[in-house]
Amino acid sequence: MPWFKLEATNEQATSTFEVELMAAFQRAFMSNRGPRDMAMFSEFNHERGATNYYFTHATQKYASELLNCIGASLCELPSSTMSLIAGHHEVIPRFPHVEALAQ
């Protein structure tokens, strides 16, 4: 199943952008009673100096308006190491390259 990706510049990721993005995600997450398949991850892309934000496929079901608003695009399951930054921790065992940093 496809995931969703948003690439933010280093400047965006260090500003209030990430805080606002996480807050918007958390609002959608909580308003849907914390779905176990909804999560948001991050990964720093050293080559581009940007942070990539990834959203599980289920995020579309619960927060399609958010994905559209931020301009997230479809992508394949990321193969790089990512950090869970918002959402349900039960997604971690499904993806071996995910680190549980936040929560």
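Each value in this text was obtained by applying a stated rule to the coordinates, not by laboratory testing. Everything quoted here is computed from the prediction, not taken from an experiment. All Cβ positions, glycine included, derive from the backbone under ideal geometry; neighbour counts span all protein chains shown.
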Query - Extreme residue, positive dipole direction of the chain, given options N32, L66, S15 (C-beta unit charges) - result: N32
Report task. Note down, for the stretch 29-88, the three equivalent ellipsoid semi-axes (square root of 5 times each alpha carbon gyration tensor eigenvalue), biggest first, whole angstrom. Result -> 21, 13, 10
Query raised in the report: If we count every other residue with Cβ under 13 angstrom of C75's Cβ, Lys/Arg +1 and Asp/Glu -1, where does the sum land?
Result: -2
Report task. Assign unit charges at the C-beta atoms only (+1 for Lys and Arg, -1 for Asp and Glu), then state the dipole size of the stretch 3-100 relative to its Cα centre in Debye, rounded to the nearest 20. Result -> 360 debye
Query - Within the chain, percent of DSSP bridges classed antiparallel, to nearest 5 - result: 85 percent
Report task. For the chain, calculate the relative contact order in percent as a whole number, restricting contacts to Cα pairs under 8 Å that are 6 or more residues apart. Result -> 36 percent
